Structures are given as C-alpha cells and as structure tokens.
Amino acid sequence: MASSTHPIKNIAITGALGNLGTKLLRHLASLPGVERLVGLDIRPCPSDHVVKLLDRISTPLTLEFIQCNVADYQDIRWREVIATQVDAVVHFAADNPYPEATWAEAATSLDMTLNVALASADSESRVRRVVFATSNHVMGRYKDPPLTEQIGVGELTPALPPGVGAVWHTGEKSMDSTPYATAKLMGERVCRTAALRSGGRTTFVCIRIGWCQPGENLPSTLSAAGTPTQQSKEEEGQCDEAFARADQWWKKMWLSNRDFTQIFERALFVGDDEGGKNWWQNGFLLVNGMSNNPGMKWSLVEARESLGYEPVDGFRS
C-alpha cells in the first residue's frame, strides 16, 4: 500500500465514465481490500452503468458516481469527496481527452489537473496517493528527426528533455498534438510541486500512457491515425517515410487493457519506499506506461523497478 499506516481502500476516479475510467473502475472493483469507489464525471451516469460494471464481480464494495465539474474549484461536490472520503485519486478527466484538443480545451484540462492536485495535497485532505494519466505526447517530437536519431530501442526515458507534441499526417488530415501535450507536461509539473509542498504526506505518480484504445483495444485496430477519432488512409502503392514512421510510432506504444490496469493498480498501491533504486523524488514519480512492444524506443525500466510493473502483452509488427 502507499502507506503502511494509511492503506488505500477508498478511491476516487475523475473522468470515470470515459474509456480509461470505466476500465479501471471495473478492475479495481474486483480487488480484495478495496471498500469504496467514487466515479467523478461531468456527465450524468447512465442508469444501468453500475450494474454493468459490477456484473460477475462478487467483491463486496460500494460504487457510486457523482456528477460534478473538476474544472471548477468551487464545486463542492468533488471537493468534499477528495477532502474527506477517499485515500487516493486517479485523474483521467480532460475537456477533450484526445490529442487533437484545441488550446482552449487543453487550458481547461490543465485547470482540472491543477484543481485535483491542489485539493488532494491540501493539509486537510485525507488523500495519500494521486495517480495522474499524463501522455506519451509529452515526448511526441522524438517520433521524428532530429530527436528520433538520438535514441535507440528502450532509450526514451522520462528523464530526457520533453519533446512536446507530435506532428503527423493520417493520410487524410494533418495532426498536431502540441496543445494537448502542453497541458499534460504542465500537469506533470503541477504534480511534482504539489508532492514537494505536501512534504511527502501526499505522493504523486504520473504515468505517460501509450495508446490504450476504447473497447477491446486489439493490436489489429492500431493504425497510423494515432487516435480513435481519426482514420488512417495510405494512398495505394505509396508509403512515404513519414507515414511509415508514424505508423510504427503509434503501434509500438500500444498499452493493452490488462497492462493498463496492472500499471495503474501498481501506481495506486505500491509504497514510495519500494523498488531496488530510489526512483521517487520528494514524493513524486514519473514513468512510461506501454506494453512490452518489441523494438519500441520507450523505456519501461523506471516502471518495472519503481512500481513492479511487468507487462504481459506486446505488439509485434
């Protein structure tokens, strides 16, 4: 657990009705020791959603959803949950959770991260662990020259300077994730400072997650589009270098459903004194979160050694 004197039993998830929130809620509901889950989302919870989530799960626990707006720091609905009701928070919420987010949407997403981090690290909060879903797009410029030429297989570590935002073409549309990635990078910095200011009372784990598609999330549905909202379209008989590079970049950052739930489970419950090397810095930890994809440039050393993460899946081209 995150603290031997304060075990993690009650967990809030922001953006709980989204792709990642739904998958993690169902997984956590199956774990022994978890007593209460609170889903926070700006959307109302469908009437049958809880029943579907708990289908074939026999673990006794309380699961509830609260409609609220974490972009509004004065919204007491979510503030009360974080202040008095949970031991940990997983932060997925975003105004637009996809890499084509506009600057306005990215700014609102950053507001959400700032609010959740400040409220969780407040001296009156009972939260002891915050897990923030940051993004591979923080290092998106490493997809292309000149940065891609500076790193080999497994050498893209969280310690490298940021390369904010990927630029690519789906075959139909030009894409630029710089606004989205900027909000994620700034969110990481907010979490680092919040951890430091809390004096170790509230610890933060930031996971730069790869591509975890909605639904079954199969390797066969990965594409050069780089996002589930777009389609890739390679011109017949043509495959330019940039398109091929983007295609492999996205596919080799695949994060399977079971590896996704594993790394977030580990991030919630691992102690900040665990691991063979002290990867933690003043209550803050930053790791990459991908499956074990052969030939990818992403480093999983930090996640393996600090969290005990052992991915079981991998994309093979």
Check your understanding: trypsin sites (Lys or Arg not before Pro), restricted to the range 161-196: which are DSSP loop and have at most 16 other Cβ atoms within 10 Å?
Key -> 173
**Study point:** Computed [θ] at 222 nm, deg cm²/dmol, the chain (DSSP H ≥ 4; -39,500 (n - 2.57); rounded to nearest 500)
**Key:** -9500 deg cm²/dmol
Review point. Among 191, 45, 68, 212, what is the fewest-to-most ranking by other Cβ atoms within 10 Å?
Key: 45, 68, 212, 191
Revision key, fill the gap. Note on the range 173-317: contact order normalised by length, alpha-carbon pairs under 8 Å, 6 or more apart, percent, works out to 29 percent
**Study point:** Counting DSSP beta bridges with both ends in the chain, the antiparallel % (nearest 5)
**Key:** 10 percent
Practice item. Rounding to the nearest 20 debye, state how big the charge dipole of the chain is about its Cα centre with +1 on each Lys and Arg Cβ and -1 on each Asp and Glu Cβ. Key: 680 debye
Review point. Which of the GluC sites (Glu not before Pro) found in the range 125-179 are in a DSSP loop and have at most 16 neighbouring Cβ atoms, other than their own, within 10 Å?
Key: 155, 172
**Study point:** Hydrodynamic radius of the range 10-307 per Kirkwood, over alpha carbon pairs, in Å
**Key:** 19.5 Å
Practice item. Based solely on C-alpha atoms, express the radius of gyration and the Dmax of the range 189-317 in angstrom. Key: 17.0, 59
Review point. What is the mean projected area of the alpha carbon convex hull for the range 93-245, to one decimal in square nanometres?
Key: 10.5 nm²
Check your understanding: What base-10 log of the normalised intensity I(q)/I(0) is obtained for the range 1-111 from the Debye formula, alpha carbons as equal point scatterers, at q = 0.12, 0.15, 0.16 Å⁻¹?
Key -> -0.43, -0.66, -0.75
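Coordinate-derived values only; no laboratory data. On a predicted model such as this, the values are computed, not experimentally measured, just so you know. Cβ atoms come from the backbone with ideal geometry, glycine included; neighbour counts cover every protein chain shown.
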